[in-house]
Amino acid sequence: MRLPFLLLLLTTGLLASLHAESLSLQLLRDPPALTGVKLSPDGTRLSLVTAKDGEQHITVLTLADLKPQPAARLGFSEFVELWWAGDNRLFVNLQNPDYSREFKSVDLKTGKVTTHLVGQYRESNLVHILPEKPDHVLLAMRNASGTGYDLRELDFRTNRLRTVERNPGQVSDWLLNARGEALAAVEMTSDTFSLLWRPTKEARWQRRSFGTPEEPKFDFLAVHPDQQRLLALDQSSDPSRLVALEPETFATETIFAPARFDPGSLDHWAEIGGVPRALLHPGDTLQQKHFTDQAARLQSEIDRALPGKINLIKSTSRDHQRLIVLSFNEYMPGQYYLLDRHTGRMMALGSRLSGYSTAGLGRAQAFSFSSSDGLKLYGRLVLPPSSSQPPPVVFMVGNRMFRTRDYPMFDLVEHLYASRGYAVAQIDYRGSKGYGREFAQRGRGQIQRRIPLDLSEAVAWLGGQGWIDPRQAIIMGEFKGGWVAMHTLTQTSVFAGWINYSTGMSHDVRTDLVKPDPTSGDWNAWREEIEIKMSGIESAPSPMSLLPKITVPSFHYYLEWRAGTLFSGGTRVKNFLRRNERDAVMFTSKLSDSATQNRGLFSNVNEQIFAFLAEHFPTEQNPRPQAAAAVR
């Protein structure tokens, strides 16, 4: 049965105003308008983190009379996570302007705000809240020897830390059950992945290898709701499958195995550190796996009330009769709702983003086509809200060598471009993740062969449908993805413009020197090196040798460090442009310690890019400046 809606306006700032102008770049400067929407355990109140003038504030709303109560001012720190400890205390995890992490508590009876722990992000990570100890959390904290993470319990009332589990090797991830007990752990060395497990808390840890960092057999996610097995992605199959794994024998039970998608991106409905009640992954259509019949019925109920959207349960009361739902799609950045199952009502609380015009949003659509060698490629296109003729297109390659498939969601940058008359296209060229191992391997060694053809053939195909003007195609590459753009520009003649977002001007691949660091808990840098190696970049010409061959109008953006040097080769690009006559723009900005100021930098960069596009690829919504038009 479809639930009735009760639309409720909390504050005028939470809902978007409607106007028919291009989306404002101020949207890039502002933090989310509404986050931290969590129910108290008894379901009588909910917390809201709202933004005002760049600062963030916690408000508590009493549901009986809808009376808001200001609870705390967070200042210019960025909100990370909030949770309730009992019915009268809030805990919040923040990222400060200097990028350090901070834990605070808010006593709702006295209004007192207490700072409990400040440290660098890599030094301590929140891994579990303890429902039976509402004033305690578990943190994974880097040990003194620097070999990994210990599991430590923080008492917010005394501010004392107690070691719960010492790192038995080089553990970077702890897998905990619903009570916060360590059931297993993942150990990472430079050569091997190992799973540590023990049948009882008193037993010694057992160790079993499950592959190398380059080719791991499993990707462990969480403890299964049965509290005994582990949830993992089996990477040895093609495509991967989500399995329940018995840690002693490695026996697996398939939970789901999508026909074509390698589920590398998963989200789950659970409190912090809790076992998942549902798992979400992208595919041709969004798929969810629910572990209980109750969760499946509840999801079906919500989806009937909010059709055509991705609906995630973000918080529940203790009795699961009141829930917070986050609903989004390509045209909605995230709307929070309160579902009251007692009354069957759903109340709109507000949007994560305020001040945008729905009239300025583009028209998103998925597409697919077959390459000239018969490989089916998938992509996404966002078209301007209105256009009298096929528009110019900005092809966004991304910031890594290979892309990762994702589910459809609101992308502010795409809509900013669409509101100014540009189509925005992305394709998952061969080698991209999310289509199984065979598809990923098709990209090996293809950086200067088939990958540029995939991109150029996509432009031709989209032009053939009449959706874009193929003569006005601009390619945008960021960081390592910029190498894909550079090779495409030198191997094909399809693209008429280039936006270079901090592409490195050297591509030394040193997997022998860049080793995984188990104390960081993040192997992305090393994995990126492996991906670069697999792309064939080692034998490809250097970026600096490619630069003279690219003669299309270009825009170059590079960050500048405090010492005045330009990030990742920007100085070499600037010197090249000075020595050689090129139709090019060079724009730099200085990196700040303040996250707020860095959001402003991103806004300034896009303002300069739109000026560049207006000069060379004008549209009705982004016209060429009058002075430039007169010269031409």
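The values are calculated or read from the model by the stated rules, or taken from the named source; none is laboratory data. If you're wondering where the values come from, they're calculated on a predicted model, not measured in any experiment. Glycine also receives a Cβ, built like all others from the backbone with ideal geometry; neighbour counts cover every protein chain displayed. Please note that ligands, DNA and RNA were not included when accessible areas were found on the heavy atoms of the full protein model with its side chains. Shrake-Rupley method; radii C 1.70, N 1.55, O 1.52, S 1.80 Å.
Charge tally around PRO247: other residues with Cβ under 15 Å, Lys/Arg +1 each, Asp/Glu -1 each, net -2. Compared with the dominant principal axis of the Cα atoms in the chain, helix 524-535 is inclined by about 40°. Accessible surface computed residue by residue for the chain, with neighbouring protein chains in place and a 1.4 Å probe, gives 43 Å² per residue.
From the alpha carbon gyration tensor of the range 274-371, can you work out the equivalent ellipsoid semi-axes (sqrt of 5 times each eigenvalue) and give them in Å, largest to smallest?
Values for the range 274-371, descending: 26, 20, 11 Å.
Between ASN500 and PHE555, HIS556, TYR557, the built amide H atoms are under 5 Å apart, and every one of these is 5 or more places off in sequence or on another chain.
Contact order, relative form, for the range 363-508: 26 percent (alpha carbon pairs under 8 Å, 6 or more residues apart, mean separation divided by residue count). Measuring against 32 Å, Cα to Cα, the residue pairs LYS52/LYS109; LYS533/LYS574; LYS52/LYS309 contain no pair spanning a longer distance.
Straight Cα distances below 18 angstrom link LYS112 to the lysines LYS104, with same-chain residues fewer than 8 positions distant left out.
Note the angle between two axes, namely the Cα long axis of helix 570-579 and the longest principal axis of the Cα atoms of the chain, as a number of degrees from 0 to 90, rounded to the nearest 10. Tilt relative to the chain: about 10 degrees.
Summarising the overall dimensions of the range 299-436 from its C-alpha atoms, the Rg and Dmax are 18.3, 57 angstrom. Taking the square roots of 5 times each eigenvalue of the Cα gyration tensor of the range 50-198, largest first, gives ellipsoid semi-axes of 32, 18, 13 Å. Residues whose amide H lies under 5 Å from that of GLU81, counting only those 5 or more places away or on a different chain, are ASN93; hydrogens are built 1.01 Å from N in the peptide plane.
When a/c is below 1.5 the answer is rounded, else prolate if a/b is larger than b/c, else oblate, so apply that to the range 336-390 with a ≥ b ≥ c taken from the square roots of the Cα gyration tensor eigenvalues. Don't skip to the answer; put the middle values down first.
Working: a/c = 4.40, a/b = 1.84, b/c = 2.39.
In terms of gyration-tensor shape, oblate.
GLU78 contributes about 60 Å² of solvent-accessible surface, heavy atoms of the protein only, 1.4 Å probe.
Percent antiparallel among DSSP beta bridges with both residues in the range 293-449, to the nearest 5? Bridges in the range 293-449 that DSSP calls antiparallel: roughly 90 percent.
Under the classification rounded if a/c is under 1.5, otherwise prolate if a/b is larger than b/c and oblate if not, where does the range 113-211 fall, given a ≥ b ≥ c as square roots of the Cα gyration tensor eigenvalues? Oblate. Here the Karplus curve 6.51 cos²θ - 1.76 cosθ + 1.60, taken at θ = phi - 60°, turns the phi angles of the range 32-44 into couplings of x, 6, 8, 9, x, 7, 9, 8, 5, x, 7, x, 8 Hz, with x standing for Gly and Pro. Projected label points at SER542 and ARG166, each 7 Å from Cα along the beta carbon direction, are separated by 5.0 nanometres. Alpha-carbon geometry of the chain: the Rg and the Dmax are 25.5, 82 Å, given in that order. Here the convex hull built on the C-alpha positions of the range 391-473 has a volume of 103 cubic angstrom per residue. With both labels modelled 7 Å from their Cα along Cα-to-Cβ, the TRP561 to ASP42 distance reads 5.5 nm. When a 1.4 Å probe is rolled over the protein heavy atoms, the share of accessible surface on the chain that falls to carbon and sulfur comes to 48 percent. Could you work out the relative contact order of the chain, using alpha carbon pairs under 8 angstrom and six or more residues apart, expressed as a whole percent? After rounding, I find 12 percent. How far, in degrees from 0 to 90, does helix 481-491 lean away from the longest principal axis of the Cα atoms of the chain, to the nearest 10? Its long axis makes an angle of about 20 degrees.
For GLU215, GLU528, GLU414, give me the order by solvent-accessible area with a 1.4 Å probe, most accessible first, ignoring ligands, DNA and RNA. Show your work: numbers first, answer last.
Working: GLU215 85, GLU528 40, GLU414 5 Å².
The residues order as GLU215, GLU528, GLU414, largest area first.
Averaging Cα coordinates gives a centre for the range 464-509 and one for the range 540-564; these two points are 12 Å apart.
May I ask for the Kirkwood hydrodynamic radius of the range 166-237, worked out over all distinct Cα pairs and given in angstroms to one decimal? Each step should come with its number before you reach the end.
Values: mean 1/r = 0.0797 Å⁻¹.
After inverting the mean inverse Cα-Cα distance, the result is 12.6 Å.
One chain, two ends: ASP238 and GLU581. Fully extended at 0.36 nm per residue, the span grows by 118.5 nm beyond their Cα-Cα distance. For a straight C-alpha distance cut-off of 13 angstrom, the aspartates and glutamates reachable from LYS314 (same-chain residues fewer than eight places away being disregarded) are GLU81, ASP267, GLU271.
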